[in-house]
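Report on one structure; see the data block that follows.
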Amino acid sequence: MLNRQIRITCLILFCILSLAACGGAQTEKSSSTTSKIESTKINPMQTTSFNPCTLISREDVGHILGGVVDVRPELSAPLCMYRVHPNADAQPPHAKGPKTADAMNPEQREVLVSVGTSDDASGYLNLDRTNAGKEAKTQVIKGIGTNAFSIPLSTGKAIVVSQGNTIYSITMIYPHMNASLLDTSLINLALSASHTITKNVRPLSVPNPHPCTLLSAQKASQLFQQPVKWYFSVNETGVASCDYISSQGTPHRVQIIAVNKPGVAKTLYNSVDHELESGQKQVLKGIGDAAFYDKQNATWILKGNTVVHLIIMGETPADKFLLPLSRDVVKHF
């Protein structure tokens, strides 16, 4: 389950939804709403954050997914999950084809939300779309926020929007939903989130340790040998992420996720460790209290009450960037 959520996190940060059929989102109301928030240069260590679990309403999501939904912040990434309650009696009203057990499965009907702050939200989103376009067809969406783009997913669709200094994403996991209704529903959720952001209520404080202090923009820029743009997000459990993206090259992106909670950090680390078979990981000695490399593009580090997940995206030998960076990161918490 944790690995699945991590993969979804990467999708959220990479991409999101196709809206060719949703030109109706381009409304005068949307334009006037989002113009109230202006982009200004900010420091990630000085920002408070929106709560992804309050960006859209439980009732709106429940109406779309066809049942009472549970709302839960995730522990493996700074996300909020809206999922149909397992015992909900309602039928999925928008499912295509027969209502099979698979179509009724709550894990086939969920929405994932993330929201955070960037030093250059529009610039970050443009770089994000450029990199996402290498993997799948993206599409610019007009009429939501300042800028937006979308991408189809194998299990649903998603959308990424910049608005002032804020970036938010909404991913709908609903492979059995009618395609046109999926487009319309996702647009409506994105517009609802845009109105919430306009109110500018940021209840979440800066976490400790702050992931952007474990790996600075300067360090990331040196790693990529070109300028980077950052994106910081957090949820109400205190799970926080700092993501740096560059315009081109290999690697092109580094993400660091930190969780500092007594009793939770070790449990989370052990859960991921136990999910991977011995041939899928490499134990790293001398890094924190415990650490391992997943033999792909990430390391997990446990030190005291903090667990850190470091990911470098883009093909590159682990011993060139990922492992040295892991040894450096652990010095800062």
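The values are calculated or read from the model by the stated rules, or taken from the named source; none is laboratory data. Every value quoted in this text rests on a predicted model; they were computed, and no experiment measured them. Cβ placement follows ideal geometry from the backbone for every residue including glycine, while neighbour counts extend to all protein chains displayed.
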Item to check | Odd one out for GLY288 among (1) touching a strand residue (DSSP E or B) at 6+ places or on another chain (Cβ under 8 Å); (2) in contact (Cβ under 8 Å) with a residue 40 or more places away in the chain; (3) more than 18 Å from THR267 (Cα to Cα); (4) assigned to a loop (DSSP other than H, G, I, E, B) | outcome: (3)
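For (1) in contact (Cβ under 8 Å) with a residue 60 or more places away in the chain; (2) more than 30 Å from ASP328 (Cβ to Cβ); (3) touching a helix residue (DSSP H, G or I) at 6+ places or on another chain (Cβ under 8 Å), each residue gets a yes or a no:
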site: PHE149; (1), (2), (3): yes, yes, yes
site: LEU204; (1), (2), (3): yes, no, no
site: PRO207; (1), (2), (3): no, no, no
site: PHE224; (1), (2), (3): no, no, no
site: ALA240; (1), (2), (3): yes, no, yes
site: TYR244; (1), (2), (3): no, no, yes
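One line per residue, one yes/no per condition, for (1) among the charged types (D, E, K, R); (2) surrounded by fewer than 24 Cβ atoms within 10 Å (Cβ to Cβ):
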site: GLY145; (1), (2): no, no
site: PRO152; (1), (2): no, yes
site: VAL161; (1), (2): no, no
site: ILE170; (1), (2): no, no
site: ASN178; (1), (2): no, yes
site: HIS195; (1), (2): no, yes
site: ARG202; (1), (2): yes, yes
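Table: residues versus (1) closer than 30 Å to PRO317 by Cα; (2) among the polar types (S, T, N, Q); (3) outside the structural domain of ASN43 (by TED's automatic domain parsing).
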| site | (1), (2), (3) |
| --- | --- |
| ILE167 | no, no, no |
| ASP183 | no, no, no |
| LEU186 | no, no, no |
| VAL206 | no, no, yes |
| GLN222 | yes, yes, yes |
| ALA240 | yes, no, yes |
| ILE245 | yes, no, yes |
Checklist entry - When you go through THR117, THR146, THR166, THR171 one by one, which is the residue that is more than 17 Å from the chain's Cα centre (by Cα), at pLDDT 90 or above and within 30 Å of PRO203 (Cα to Cα)? => result THR146
Checklist outcome for this item: For the stretch 146-181, the count of residues that are closer than 19 Å to ARG58 by Cβ and either outside any strand (DSSP E or B) or out of contact with any strand residue (DSSP E or B) (no Cβ under 7 Å at 6 or more places or on another chain) (or both) equals 1
Checklist entry - Would you call PRO93 closer than 18 Å to VAL69 by Cβ, at pLDDT below 90, more than 16 Å from the chain's Cα centre (by Cα) and not in a helix (DSSP H, G or I)? => result yes
Checklist entry - Based on what the data block shows, is LEU325 over 20 Å from the mean Cα position of the chain (by Cα), part of a strand (DSSP E or B) and not assigned by TED's automatic domain parsing to the domain that holds THR47? => result no
Checklist entry - Only one of (1) touching a strand residue (DSSP E or B) at 6+ places or on another chain (Cβ under 8 Å); (2) under 30 Å from LEU127 (Cα atoms) fails for THR316. Which number is that? => result (1)
Next on the checklist: Show the residue pairs meeting these rules: Cβ distance below 9 Å; 6+ apart or different chains; first residue within the stretch 154-181 and in contact (Cβ under 8 Å) with a residue 60 or more places away in the chain; second residue assigned to a loop (DSSP other than H, G, I, E, B) and aromatic (Phe, Trp, Tyr).
Outcome noted: LYS157/TYR174; THR166/PHE50; TYR168/PHE50
Checklist entry - Looking at this structure, is TYR174 aromatic (Phe, Trp, Tyr) and over 18 Å from ILE197 (Cα atoms)? => result yes
Checklist outcome for this item: Out of (1) assigned to a strand (DSSP E or B); (2) in contact with a Ser or Thr (Cβ under 9 Å, 6 or more places away or on another chain); (3) free of Cβ contacts under 8 Å to residues at least 60 places away in the same chain, the one LEU302 does not meet is (2)
